[in-house]
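Below you'll find the structure, written out as structure tokens, and then a few comments.
The values are calculated or read from the model by the stated rules, or taken from the named source; none is laboratory data. Note that this is a predicted model, so its numbers are computed, not measured. Note that each Cβ is placed from the backbone with ideal geometry, even for glycine, and that neighbours are counted across all protein chains shown.
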Amino acid sequence: MKKFALVLLILLSNFTLYAQKPYQLNSSEIYQQLEKLDFLGSVLYLAAHPDDENTKLISYFSNQVHANTAYLSLTRGDGGQNLIGPELREKLGLIRTQELLAARKIDGGQQFFTRANDFGYSKTPQETLEIWNKEEVLNDVVKTIRKFQPDVIINRFDHRTEGNTHGHHTASARLSLEAFQKAADKNYASAEAKTVGIWQPQRLFFNTSWWFYGSQEKFESADKSRMTVIDAGVYNPLTGISNSEIASHSRSQHKSQGFGNTPERGEQLEYIELIKGDHLKGNSIFEGINTTWTRAQGGKKIGILVAKIKEEYDFKAPSKSVKDLVKVYQLIKKIENKHWRDIKLKETKNLIAACSGLYLEAVTETALTTPGEKLSLQIEATQRVGNSVLKEITISNSNFSKKLKTALNPNQRITLEQEFTVPENTPYTNPYWLEKPSGIGMYEVENKDLIGLPETPSTLTAHFTLELEGENITFEKELVYKYNDPVEGEVYEPFQVVPAISVSIEKPILIFGNENTKVLPIRIKSFSDKISGRLELNVPNHWKVEYSKDEIQFSKKGEEKRIYLSITPPKEGTEDELKASFITSGKTYEQNVVEIDYEHIPKQILLEPANAKLIALDIKKKGDKIAYIEGAGDVVPESLREIGYQVSILSPSQISLENLKAFDAVVMGIRAYNTVNELAYKQNILFAYVKQGGNMIVQYNTNRGLVTQGLAPFSLELSKDRVTDEFSDVKFLAKKHPVLNSPNKITTKDFENWVQERGLYFPGKWDKKHFTPILSLKEKGESWMDGSLLVAPYGKGNYIYTGLSFFREFPAGVSGSYRLFANLISLGK
């Protein structure tokens with residue numbers, strides 16, 4: 001698999017993977033990039049979320065057509081679920097951002113975003129555009145179009161089919177349609193139009209398929225007069241793989257959504273329907289658009305020279321092309337078209353480096369640094385073929401500069417060790433869209449120049465200036481950290497700047513379920529040598545907090561210490577916020593350095609406020625021990641422990657009647673029946689447990705991909721019913737049922753302050769004789785839905801199915817969700 005992944009890297013637009021081992025192109029791959037250098041045309045694919053993009057088309061246009069290709073995802077997927085870990089909301093959006101970047105590195109596209117926040121499922125585009133700031137998101141789309149200058153835009157979704165899909169989907173298509181015209185209007189966002197310029201794409205398409213028609217039969221009989229058919233499964237003998245194989249591997253980077261994909265070889269037809277622009281006579285979306293070098297004034301000579309390089313290219317000796325590539329570089333610098341000048345200069349520099357076998361690297365001695373820290377840099381410069389002179393090494397946004405006149409002879413490795421001081425004003429590494437608190441629908445970005453970018457640009461970048469064929473060319477490389485792992489060998493990590501002190505309240509939500517006092521640990525970590533200070537707390541009224549106020553000293557970087565707070569809640573129920581900070585030498589540190597580390601993406605740093613929510617909760621419980629069967633990843637077990645339950649995580653192999661007898665309730669994690677295949681063979685045991693007096697609580701599953709249809713001991717069918725409005729009405733159907741009365745009296749107040757949604761994938765059909773619906777929910781303009789919480793006595797116990805979003809409400813500290821869940825566990829006790 002690793003070898004296959006390596007082959008797929010041939011099509012990267014950047015030859016060095018950020019925070020991963022650099023990949024050197026072979027001669028076939030270099031030729032592919034020469035083809036790209038000779039094509040001046042752009043395609044923008046546009047949709048709403050990570051995973052909405054059609055990787056087959058992105059890869060096709062980037063690698064087969066050789067167009068400048070990008071995907072604009074309006075959101076970062078913050079509102080979805082996470083199949084690989086507990087991260088949700090902003091942290092999940094950060095993971096999915098990196099998964100999109102990993103996908104683009106494989107299929108050769110670029111990646112853009114707007115400031116729209118994925119607030120969760122939306123049923124209509126109207127609701128979507130009310131929660132998003134429609135004008136701001138539209139402005140972001142227009143800005144991306146003006147900067148990227150696509151000749152062609154392809155929408156993933158249909159602007160005409162309201163209500164047939166996620167409201168975000170339809171909204172994305174409608175915004176694209178509007179932006180198609182406004183991007184060329186000098187009066188729209190006029191100040192930006194003066195600085196960025198205006199742009200008119202030539203065509204707008206909708207990437208349709210049989211799915212949008214409801215069936216294959218309906219699609220076959222549909223009018224296709226405005227459709228263009230593309231075989232996206234085309235095979236490339238130079239690389240030895242098909243486009244669909246590249247696309248499949250790209251798609252598989254969406255690991256947090258469980259989108260591992262097996263490629264299908266052979267013909268793969270994709271249909272795109274013309275929405276705006278001139279009708280096509282053939283199958284090229286660039287028909288009638290000049291994509292040659294004559295597009296740029298002064299580009300004719302460049303086109304002739306690039307054609308000559310391709311014709312004379314020696315697959316056994318790519319270095320023979322360096323001399324002419326340098327001439328191309330010199331000519332490109334003179335063209336007036338800044339857009340294509342910048343793109344093609346970068347491509348040409350990368351080609352020169354690849355043909356020369358040039359390896360440049362600046363490695364730091366640590367992965368995490370602080371402003372003002374002195375570091376040792378290990379610098380390497382190796383040119384495997386040909387000669388050049390290394391003249392200067394600088395680091396952007398710093399005073400570091402090393403003048404040289406070092407000859408790089410064939411295959412001779414040059415190494416330097418240099419001391420480098422990180423400037424005191426270097427900003428911390430942090431996602432730019434998370435720097436400020438955001439609203440439900442939009443992220444707030446102070447620096448407008450960053451809008452659209454997938455991640456915050458690196459502040460510190462190494463610049464190597466070399467003289468090749470009489471021309472000074474500067475190559476940029478990210479500073480990286482690397483080390484040798486006994487198993488993996490050479491391992492790369494991003495070089496990132498963090499505060500000198502991290503303050504982490506280990507439980508961001510502390511819930512008091514009638515307890516008098518709890519202990520809350522605060523973890524303080526130093527990212528700097530020899531630093532001391534004291535912990536300071538902002539304690540809310542009526543709460544009593546006791547802790548050591550002694551000076552805290554750190555001698556070495558990486559050292560951690562814990563301070564234990566003894567917290568006593570007020571007598572009355574309340575919700576408040578505790579804030580922590582570390583004071584040292586006139587500086588205040590009040591952020592937690594969060595590290596998100598998965599193998600398939602670079603390690604991510606997120607700075608969060610060192611705050612915790614304190615909740616004095618009026619809650620009663622019956623029962624104590626819970627068995628939890630994990631599903632797709634959630635924090636429900638930790639949340640239940642927080643209110644005093646003893647929660648044991650059981651693997652499927654541990655599900656036996658003897659083991660389950662020790663527990664008051666068995667809780668199935670979210671999407672357990674979508675993700676845990678072994679559960680198909682454990683249902684009889686679970687039902688027997690219920691029959692003998694246990695409570696079985698099943699949290700939501702999707703109706704697609706169930707490992708068993710026998711979810712319950714009685715008939716139960718899931719639907720797509722959901723209530724996305726977290727403020728929507730709730731009606732109590734079984735007012736006298738114990739679930740609403742014991743041991744906690746549940747009222748409509750318990751459904752206040754819910755987040756993102758009420759629930760999802762409610763059962764649509766169930767055995768009316770055995771199941772009792774407890775609640776009825778409704779969305780604005782829709783009918784009531786009764787399937788969100790169903791209870792069925794079975795033998796001496798109870799089977800409970802709920803689509804309510806406890807997995808979202810618990811981390812948000814929603815009091816009513818805890819009280820209701822305690823009643824579910826207590827049922828029959």
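Somewhere in region 219-232, is a residue buried (at least 20 other Cβ atoms within 10 Å of the Cβ), touching a strand residue (DSSP E or B) at 6+ places or on another chain (Cβ under 8 Å) and within 30 Å of Asn82 (Cα to Cα)? I'd like the intermediate steps shown before the answer.
So the first thing to find is which residues in region 219-232 are buried (at least 20 other Cβ atoms within 10 Å of the Cβ), and the list is 230, 232.
From what's left, touching a strand residue (DSSP E or B) at 6+ places or on another chain (Cβ under 8 Å): 230, 232.
Next cut, within 30 Å of Asn82 (Cα to Cα) only: 232.
Scanning region 219-232 turns up at least one residue that is buried (at least 20 other Cβ atoms within 10 Å of the Cβ), touching a strand residue (DSSP E or B) at 6+ places or on another chain (Cβ under 8 Å) and within 30 Å of Asn82 (Cα to Cα).
Residue by residue, here is whether (1) in a helix (DSSP H, G or I); (2) farther than 20 Å from Gly41 by Cβ; (3) more than 26 Å from the chain's Cα centre (by Cα); (4) not acidic (Asp, Glu) holds:
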residue	(1), (2), (3), (4)
Val137	yes, yes, no, yes
Asp140	yes, yes, no, no
Leu177	yes, yes, no, yes
Thr228	no, no, yes, yes
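Would you point out the residue of region 377-419, among those that are over 38 Å from the mean Cα position of the chain (by Cα), of a type in the set (Gly, Ala, Ser) and surrounded by 16 or more Cβ atoms within 10 Å (Cβ to Cβ), that is nearest to Phe464 (Cα to Cα)?
Ser388
Scan (1) outside any helix (DSSP H, G or I); (2) touching a residue at least 40 places away in the same chain (Cβ under 8 Å); (3) under 29 Å from the mean Cα position of the chain (by Cα) for the single condition Thr170 breaks and write down its number.
(1)
Would you call Glu446 of a type in the set (Asp, Glu) and surrounded by 12 or more Cβ atoms within 10 Å (Cβ to Cβ)? So that I can check it myself, show each step before the final result.
Working: of a type in the set (Asp, Glu): yes; surrounded by 12 or more Cβ atoms within 10 Å (Cβ to Cβ): no.
Taking the combined requirement at face value, the residue does not satisfy it.
Restricting to region 759-782, name every residue that is assigned to a loop (DSSP other than H, G, I, E, B) and modelled with pLDDT of 95 or more. So that I can check it myself, show each step before the final result.
Taking region 759-782 as the starting set, the residues that turn out to be assigned to a loop (DSSP other than H, G, I, E, B) are 767-771, 774, 778-782.
Asp767, Lys768, Lys769, His770, Phe771, Ile774 - these are the residues of region 759-782 that are assigned to a loop (DSSP other than H, G, I, E, B) and modelled with pLDDT of 95 or more.
Show the residue pairs meeting these rules: Cβ distance below 8 Å; 6+ apart or different chains; first residue within region 339-354 and touching a residue at least 40 places away in the same chain (Cβ under 8 Å) and more than 16 Å from Tyr313 (Cα to Cα); second residue among the basic types (Lys, Arg) and part of a helix (DSSP H, G or I).
Trp340/Arg295; Glu347/Lys36
Every residue, every condition in (1) modelled with pLDDT of 95 or more; (2) in a loop (DSSP other than H, G, I, E, B); (3) of a type outside the set (A, V, I, L, M); (4) more than 24 Å from Val322 (Cα to Cα), yes or no:
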| position | (1), (2), (3), (4) |
| --- | --- |
| Gln20 | no, yes, yes, yes |
| Ser28 | no, no, yes, no |
| Glu35 | yes, no, yes, no |
| Leu46 | yes, no, no, yes |
| Leu57 | yes, no, no, yes |
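Here are Gly258, Gly266, Gly299, Gly303: which of them is surrounded by 15 or more Cβ atoms within 10 Å (Cβ to Cβ) and at positive phi? Steps first, answer last, please.
Working: Gly266 fails: surrounded by 15 or more Cβ atoms within 10 Å (Cβ to Cβ); Gly299 fails: at positive phi; Gly303 fails: at positive phi.
On inspection, the qualifying residue turns out to be Gly258.
Is it the case, given these coordinates, that Pro793 is in a loop (DSSP other than H, G, I, E, B) and over 19 Å from Lys720 (Cα atoms)? So that I can check it myself, show each step before the final result.
Working: in a loop (DSSP other than H, G, I, E, B): no; over 19 Å from Lys720 (Cα atoms): yes.
No, not satisfied.
I'd like the residue in region 575-603 that is surrounded by 17 or more Cβ atoms within 10 Å (Cβ to Cβ) and among the hydroxyl-bearing types (Ser, Thr, Tyr) and, out of all such residues, is farthest from Phe527 (Cα to Cα).
Selected residue: Ser581.
Just to be sure, is Pro540 farther than 25 Å from Thr369 by Cβ and part of a loop (DSSP other than H, G, I, E, B)? Quick ask: steps written out before the conclusion?
On the way: farther than 25 Å from Thr369 by Cβ: yes; part of a loop (DSSP other than H, G, I, E, B): yes.
Answer is yes for this residue.
For region 420-492, which fully contained strands (runs of 3 or more DSSP E) count at least 1 residues that are in contact with a helix residue (DSSP H, G or I) (Cβ under 9 Å, 6 or more places away or on another chain)? Explain how you work it out, then say what you get.
Working: elements: 461-468, 471-478, 480-485.
Result: 461-468, 471-478.
Provide a single number: the residues in region 309-335 that are of a type in the set (A, V, I, L, M, F, W, C), under 18 Å from Tyr31 (Cβ atoms) and outside any helix (DSSP H, G or I).
Looking only at that region, the number is 2.
If we only count helices (runs of 4 or more DSSP H) wholly inside region 608-675, which ones have 3 or more residues that are under 33 Å from the mean Cα position of the chain (by Cα) and modelled with pLDDT under 95?
Details: elements: 636-642, 657-660, 672-675.
The helices (runs of 4 or more DSSP H) meeting that bar are 636-642.
Being farther than 27 Å from His279 by Cα and at pLDDT below 95 is the requirement here; does Arg226 meet it? Please lay out each step first, then the result.
Numbers: farther than 27 Å from His279 by Cα: no; at pLDDT below 95: yes.
So Arg226 fails the test.
Assuming Ser122 fulfils every condition listed in (1) surrounded by fewer than 24 Cβ atoms within 10 Å (Cβ to Cβ); (2) on the phi < 0 side of the Ramachandran plot apart from one, which condition is it?
(1)
How many residues are in a strand (DSSP E or B) and either under 24 Å from Tyr481 (Cα atoms) or in contact with a helix residue (DSSP H, G or I) (Cβ under 8 Å, 6 or more places away or on another chain) (or both) if we restrict to region 570-607? Spell out how you get there, then give the answer.
Of the residues in region 570-607, the ones in a strand (DSSP E or B) are 574-584, 587-589, 591-596, 604-607.
Then keep just the ones that are either under 24 Å from Tyr481 (Cα atoms) or in contact with a helix residue (DSSP H, G or I) (Cβ under 8 Å, 6 or more places away or on another chain) (or both); that gives 575, 591-596, 604-607.
Count: 11.
What tally of residues in region 165-209 results from selecting those that are out of contact with any strand residue (DSSP E or B) (no Cβ under 9 Å at 6 or more places or on another chain) and either farther than 15 Å from Glu135 by Cβ or exposed (fewer than 14 other Cβ atoms within 10 Å of the Cβ) (or both)?
18
Between residues in region 364-381 that are touching a residue at least 40 places away in the same chain (Cβ under 8 Å) and not assigned by TED's automatic domain parsing to the domain that holds Gln591 and residues that are charged (D, E, K, R) and buried (at least 17 other Cβ atoms within 10 Å of the Cβ), which pairs lie under 6 Å by C-beta distance while being six or more apart or on different chains?
Partner pairs satisfying both residue conditions: Ala367/Glu493.
Count, please, the residues in region 257-279 that happen to be in a loop (DSSP other than H, G, I, E, B) and free of Cβ contacts under 8 Å to residues at least 60 places away in the same chain. Talk me through it step by step, then tell me what you get.
Quick first cut of region 257-279, residues in a loop (DSSP other than H, G, I, E, B) only: 258-268, 277-279.
Next, from what is left, pick out any that are free of Cβ contacts under 8 Å to residues at least 60 places away in the same chain: 260-267, 279.
Count: 9.
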